[in-house]
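> Shown below is the structure under consideration.
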Amino acid sequence: MKPVKHNLVALGSATVLAVYAAGYLRTRSAADRFLADDSERRRAVATTEHAPSPLPAAPMPNDPVAVADSGMSAPPVVAPAEVAPKAKKAARPKAPDSAAAAVAAAEPPAGGNGQAADSAAQAPEKEHGPFKDGSFSGWGTSRHGDIEATVEIRDGRIVSASISQCYTRYSCSWIAALPPQVVARQSANVDYVSGATQSTNAFYYAIVEALAKAK
Amino acid sequence: MNDFLVHSITAMGTVVTIQVVGHGADEQQRTERAEAVERAIVWFQQIHDSCTRFDPKSELSQLTAQVGKPVPVSPLLYQAVRFALAVAEESGGAFDPTIGHRMEARGFNRNSRSGLVVRTAIPPDRTASYRDVHIDPHRQEITLLRPLVLDLGAVAKGLAIDMAVRELEAFANFGIDAGGDLYLGGRNSEGKPWSVGIRHPRNEEALLATLQVSDSAVCSSGDYERRSPLAPEDHHIMDARSGASATALASVTVMAPSAMVADALATAAFVLGPKEGIALLTQHGVEGLLVTPSLDRFMTPGMRLE
């Protein structure tokens, strides 16, 4: 192999510094504006904070809340309030013909009926996991299309997760293995997973949104 | 220690999760922590808005629309393109940011938010390469010598992670996850190095290996990540030299001080294959694990698996 002309690690550091220096003020002011605009809402909805607490029920990083396939066994993930997948759905283009078959082949692997049952939610109790009990659905999106996922919460913990609707452009079968993981990874023993997949992200985000409703 | 903050958003077509350990003892600390996370997230949004090829209004798309004349660009876009071109040069064109049009042609062409399909009118018989992009460091101008579409996907997400690191490094212990591209600062909330699983390329339910990570980025490129909607046997990592999907490896994981470096080198090594891939990583002083489709493993000398 030819000799190194640029050491990419050194060039990378220089690039990061240059971009940071050039964009720092803009970023800061954008962040400040954002915080000023709706800090209350974001605190309440989009962010999970844990103050030091002696309560044993406080979630730990490797604890129940973990959703994830896509590399996130990190816990209390909450959907962002500012992202509105509902609005997107109206604009979603018609699935191409090839996808119709894919959707048909992608019946929910578990029994989720696709309807959120927010009314079933109950107030959380201390010894419970971090979620309200009930059935919650959310939409996730990716380059390939949208997915609706439903999670069932019992005793504050995820007991089931399913794909209730699938509008990706090709078969959903290869993400059918994911819902069990949402349940299984409640006990994930790694903090993160490197190498997530694009399509699982749609599923993951659907779960994120569903869990936000379970807060 | 039950003191941490986790914040997830969608950005760059993926889910971004930022976790900060500690620094929540009082209201002022919690405010500072939330503000830093907010700044980190703004970087993701700004870099995406500037560097996406899926939005005709992005600065990148505006640049693509002008061929044959120098275009003044923002420092952000200039730096991202300069870095991508350096990786292209170092990898002998195995990594090439000018593959955007060929990616479009293979169906990697839909805006993940709007669902709209992007199509760039370029004569199909003219294949551009990174040598058709000229940069002027003094004027911060970029000139495209022929019609082409830049794809900064392998650089922009890593760069955004690196910017988020700058915002969060004062907290020492934090994690950033952008769809499986990671940076882990310090230690986790149990006071241990972060434990990172590497996804198994052929079994979604299994991990290939586990790493202990502290103050390092970890990025993986795999043939399982995004399949072409037009030809499911094609995946999203293209060998720019041949125009076909790279097939010598199934997954590459790189650890580096910067996520941008790790992501770009993981992509480049994936295309180069095990022997040249290891050589490239070693030359640049980063660690990596390369796995072939038959699950043979190749590692740089300093790579430590659990």
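The values are calculated or read from the model by the stated rules, or taken from the named source; none is laboratory data. In this text the structure is predicted, and so the values were computed from the model without any measurement. Here the Cβ is made from the backbone with ideal geometry for all residues, glycine too, and neighbour counts use every protein chain on show. Side chains included, ligands, DNA and RNA excluded: accessible areas come from the protein's heavy atoms. Shrake-Rupley method; radii C 1.70, N 1.55, O 1.52, S 1.80 Å.
> Restricting to region B:170-225, give me the number of residues that are more than 9 Å from every other protein chain (Cβ to nearest Cβ), of a type in the set (S, T, N, Q) and not in a loop (DSSP other than H, G, I, E, B).
2
> I'm checking my understanding of the structure. Among residues of region B:210-225 that are over 18 Å from the mean Cα position of the chain (by Cα) and open to solvent by 10 Å² or more (accessible area, probe 1.4 Å), which one is nearest to residue B:197 (Cα to Cα)?
Going through the qualifying residues, I end up with B:210.
> Against the condition in contact with a Gly (Cβ under 6 Å, 6 or more places away or on another chain), at pLDDT 80 or above and open to solvent by less than 80 Å² (accessible area, probe 1.4 Å), how does residue A:16 come out, does it pass?
Here the answer is no, as residue A:16 does not meet what is asked.
> Can you pull out the residues in region B:41-52 that are touching a strand residue (DSSP E or B) at 6+ places or on another chain (Cβ under 7 Å) and open to solvent by 20 Å² or more (accessible area, probe 1.4 Å)?
Residues satisfying the conditions are B:45, B:48.
> Return the residue satisfying two criteria in turn: it lies in region B:22-40 and is in contact (Cβ under 8 Å) with a residue 24 or more places away in the chain and more than 15 Å from residue B:172 (Cβ to Cβ), and of such residues it is most open to solvent (accessible area, probe 1.4 Å).
Step by step, filter region B:22-40, then rank; the result is B:30.
> Please determine, by comparing only the residues of region B:40-63 that are outside any loop (DSSP other than H, G, I, E, B) and of a type in the set (Asp, Glu), which one is farthest from residue B:14 (Cα to Cα).
Of everything passing the filter in region B:40-63, B:59 is farthest from residue B:14 (Cα to Cα).
> Can you tell me which residue among B:66, B:79 is open to solvent by 20 Å² or more (accessible area, probe 1.4 Å), modelled with pLDDT of 80 or more and either under 24 Å from residue B:268 (Cα atoms) or in a loop (DSSP other than H, G, I, E, B) (or both)?
Matching residue, one of B:66, B:79: B:66.
> Residues in region B:2-21: is at least one more than 27 Å from residue B:145 (Cα to Cα), at the interface with chain A (Cβ under 10 Å from one of its Cβ atoms), assigned to a helix (DSSP H, G or I) and open to solvent by less than 10 Å² (accessible area, probe 1.4 Å)?
Among the residues of region B:2-21, not one is more than 27 Å from residue B:145 (Cα to Cα), at the interface with chain A (Cβ under 10 Å from one of its Cβ atoms), assigned to a helix (DSSP H, G or I) and open to solvent by less than 10 Å² (accessible area, probe 1.4 Å), which makes the answer no.
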